[in-house]
1. Which pairs turn up if I take residues in the range 129-153 that are closer than 14 Å to residue 169 by Cα and touching a residue at least 40 places away in the same chain (Cβ under 8 Å) and look for partners that are in a helix (DSSP H, G or I) and of a type in the set (D, E, K, R) with beta carbon separation below 7 Å, at least 6 apart in sequence or on another chain?
2. Which fully enclosed strands (runs of 3 or more DSSP E) of the range 115-174 have 3 or more residues being surrounded by fewer than 16 Cβ atoms within 10 Å (Cβ to Cβ)?
3. I'd like the full set of residues that are touching a residue at least 24 places away in the same chain (Cβ under 8 Å) and out of contact with any Lys or Arg (no Cβ under 9 Å at 6 or more places or on another chain), limited to the range 74-89.
4. From the residues in the range 6-45 that are among the small types (Gly, Ala, Ser) and more than 19 Å from residue 81 (Cβ to Cβ), which one is nearest to the chain's Cα centre (by Cα)?
5. Residues to consider are 41, 33, 20, 7; find the one that is in contact with a Phe, Trp or Tyr (Cβ under 7 Å, 6 or more places away or on another chain) and at pLDDT below 95.
Amino acid sequence: MPLRPAKCYTHFTTPPYTRKEYIHGVPQPKITKFEMGNPQKQYEAEIMGQLIVLEAGQIRHNALEAARLAVNKYLSTTIGQDNYLFRIKLYPHQVLRENKMMAFAGADRLQDGMRQAFGKPIGTAARVFPGHVVVEVFADKKYLDKVKEALRRGGDKMPLPTRIVIKENKYRKK
């Protein structure tokens with residue numbers, strides 16, 4: 001299996017750690033916008049493209065933001081801002097922790113190693129399971145190849161294997 005980015009945080013074995021009212025110092029997620037393009041396309045578009053994960057794992061907030069930038073940039077330059085609706089379907093609720101260790105000469109006298117190694121919050125992630133939809137794109141059939149390419153570029157930014165599914169738009173008004 002090829003080495004993937006953020007390998008330390010991709011798979012989970014611990015219970016969810018999401019209660020932010022009890023956790024101090026949680027950084028804000030990098031992802032800012034969850035819906036881009038023309039909002040009316042949800043009801044007008046002919047097709048709906050989805051990026052679906054194939055394994056259980058966690059997707060960090062910076063991976064979601066990287067996928068958002070890649071997909072939105074490609075779609076807006078190739079088919080135009082008014083011809084699609086692009087939506088991120090996940091929100092990173094899971095708080096990630098890291099037991100930071102000092103890495104300089106003499107550090108072994110200053111720290112306790114693994115004793116009480118709970119860790120400090122370093123970021124957030126979204127927990128996903130096989131079949132979860134990460135990204136949705138609504139567009140017309142004439143842009144099918146562009147939608148597939150945009151979703152492929154977004155899937156390259158994910159730490160988990162993904163699949164592209166193209167369906168008929170179930171929200172379309174007849």
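1. Correct list of pairs: 138/41; 139/41.
2. On the way: elements: 120-128, 133-139, 162-168.
In the range 115-174, the matching strands (runs of 3 or more DSSP E) lie at 162-168.
3. 76, 81, 87, 89
4. Here is the first cut: in the range 6-45, the ones among the small types (Gly, Ala, Ser) are 6, 25, 37, 45.
From what's left, more than 19 Å from residue 81 (Cβ to Cβ): 6, 25.
Working: 6: 12, 25: 22 Å.
Only one residue tops the list, namely 6.
5. Numbers: 33 fails: in contact with a Phe, Trp or Tyr (Cβ under 7 Å, 6 or more places away or on another chain); 20 fails: in contact with a Phe, Trp or Tyr (Cβ under 7 Å, 6 or more places away or on another chain); 7 fails: in contact with a Phe, Trp or Tyr (Cβ under 7 Å, 6 or more places away or on another chain).
Of 41, 33, 20, 7, the one residue that is in contact with a Phe, Trp or Tyr (Cβ under 7 Å, 6 or more places away or on another chain) and at pLDDT below 95 is 41.
Okay, residues lined up against (1) among the aromatic types (Phe, Trp, Tyr); (2) part of a helix (DSSP H, G or I); (3) surrounded by 12 or more Cβ atoms within 10 Å (Cβ to Cβ):
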position: 39; (1), (2), (3): no, no, no
position: 68; (1), (2), (3): no, yes, yes
position: 82; (1), (2), (3): no, yes, no
position: 87; (1), (2), (3): no, no, yes
position: 96; (1), (2), (3): no, no, yes
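The values are calculated or read from the model by the stated rules, or taken from the named source; none is laboratory data. This structure is a prediction, so every number in the text was calculated from the model and none was measured. Note that we place each Cβ from the backbone using ideal geometry, even for glycine, and neighbour counts take in every protein chain shown.
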